[in-house]
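K.L.:
This is the structure I have questions about; it appears just below.
The values are calculated or read from the model by the stated rules, or taken from the named source; none is laboratory data. The shown structure was predicted, so the numbers you read here are calculated from the model rather than taken from an experiment. Here Cβ is always computed from backbone atoms with ideal geometry, including for glycine, and neighbour counts include all displayed protein chains. These accessible areas exclude ligands, DNA and RNA; they are computed on the full protein's heavy atoms, side chains included. Shrake-Rupley method; radii C 1.70, N 1.55, O 1.52, S 1.80 Å.
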Amino acid sequence: MTTAPTPTRPRTRTRIAAACRTVTEAPAFSLSVLTAILLNAALLGAETYHGFAAEHAAQLRGAEQGCLAFFTLEMLLRLGAHADRPKDFWRDGWNIFDLVVVVCAYLPVVRENTTVLRLLRMVRVLRTARFLPQLRILFIAVSRSLPGTVSFLFVGAVILYVYAMVGWVCFGSHDPAHFGSLGRALLTLFLLMTLEGLGDAIYNGLAISRLSILYYGSYVLLASFVLVNVLIGVVLTSLDEARELDTAALDATGRAPRTGGAGTGAGTGTAPVAAPVEMDSGELAERIAGMRQALDVLEQSLTARPPASREQDRMTAIA
């Protein structure tokens, strides 16, 4: 009688994932990564002082290489933490963002271009949102408000264009400095949207016609109050949605089953905790259909048997 081979690879992956997860989920690890990100930002700011950067070029270069090595070690630990379930790593947008930032730092094209390398180092500062919950919520809110913001920009552009054309027709010959062309009218109205120079514009308009007060009053009412309040409403709605999504993601992470440690089940008589089986909706539907078919066959076989045969089997079991 032959025994089945021991699945050493899944156990090894589970042990590696458990060990790396213990490190990455520790509060000290998150604090260390946040400190490295802030240190990288401070180094980038120090390089803007040419005298200081020229005097301490070697130290700044060494500190930058140390930060890059630390970020590389961080990504290796995060990859190892998902060794038993690699698909979960790619489902997290922050993991993909961090991996792209770290990998780009090793590309020859990026390393040879000082401007691109500095921009890449500046992008690392955005990683602080991963460790600051409120900042992460703001980033999510901004991303979710983009569709509504695009609609807001379209409506604002239409209003701006209509009022610019009306201003060019009514005030173009009398005030060419502000309404002499469509471009100047658009620039003037865009500045008036912030209420900058509104008093001077109204006085200049009243010198041309008293009806100009209706033009400026209706524009300020639409552009500076209605549209701005609509934009604020879109952002606040997206902020509430972002908070709900972040809370749901944290709850799902807290309820997710974790695999056992490296020594689980060794010498204790208990079986190691198996990693959760992942399957897509198609495979799950096929399994459910197969189970239903098996139940139908079992029900038909029980129905097809005569009652006498079932009674005889029952008496035999009692005896």
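K.L.:
If you roll a 1.4 Å probe over the stretch 179-221 with all protein chains in place, what percent of the accessible area is carbon or sulfur?
P.N.:
Ligands and nucleic acids excluded, carbon and sulfur give 68 percent.
K.L.:
Now for a separate question. Quote to one decimal, in nm, the extra length available between Val297 and Val116 on full extension: 0.36 nm per residue of separation minus the C-alpha distance between them.
P.N.:
This chain segment gains 58.5 nm when fully extended.
K.L.:
Then there is this: Relative to the present Cα-Cα distance, how much length would full extension add between Val226 and Ala57 at 0.36 nm per residue of separation?
P.N.:
Length gained between Val226 and Ala57: 55.6 nm.
K.L.:
Rounded, prolate or oblate for the stretch 72-172? Axes are the square roots of the Cα gyration tensor eigenvalues, ordered a ≥ b ≥ c, and the cut-off for rounded is a/c under 1.5.
P.N.:
Prolate.
K.L.:
With θ set to phi - 60° and the Karplus curve 6.51 cos²θ - 1.76 cosθ + 1.60, what are the ³J(HN,Hα) couplings of the stretch 62-70 in order, to the nearest whole Hz, using x for Gly and Pro?
P.N.:
Result, ordered by residue: x, 5, 5, 5, x, 5, 5, 5, 5 Hz.
K.L.:
Another question, if that's okay. Please tell me the relative contact order of the stretch 1-131 in percent, rounded to the nearest whole number, where contacts are Cα pairs under 8 Å and at least six residues apart.
P.N.:
34 percent
K.L.:
At most 13 other Cβ atoms within 10 Å and a DSSP loop assignment: could you name the chymotrypsin sites (Phe, Trp or Tyr not before Pro) in the stretch 36-126 that fit?
P.N.:
Sparse-neighbourhood loop chymotrypsin sites (Phe, Trp or Tyr not before Pro): Tyr49, Tyr106.
K.L.:
A follow-up question, please. Roughly speaking, to the nearest percent, how much of the stretch 1-112's 1.4 Å accessible area is carbon and sulfur?
P.N.:
So the carbon and sulfur contribution to the accessible surface is 68 percent.
K.L.:
Grab the other residues whose beta carbon is less than 14 angstrom from that of Ser30, score K and R as +1, D and E as -1, and report the net.
P.N.:
+2
K.L.:
Tell me the volume per residue, in Å³, of the convex hull enclosing the alpha carbons of the stretch 1-138.
P.N.:
147 Å³
K.L.:
Run the quick spin-label model on Arg210 and Leu132: label points 7 Å from Cα toward the beta carbon, then report their separation in nm to one decimal.
P.N.:
5.5 nm
K.L.:
What is the calculated FRET efficiency for Val166 to Gln65, with r their C-beta to C-beta distance and R₀ = 51 Å, to the nearest 0.05?
P.N.:
0.25
K.L.:
Among residues other than Glu64 whose Cβ falls under 12 Å from its Cβ, what is the net charge (Lys/Arg +1, Asp/Glu -1)?
P.N.:
Taking every other residue near Glu64 into account, the sum is +4.
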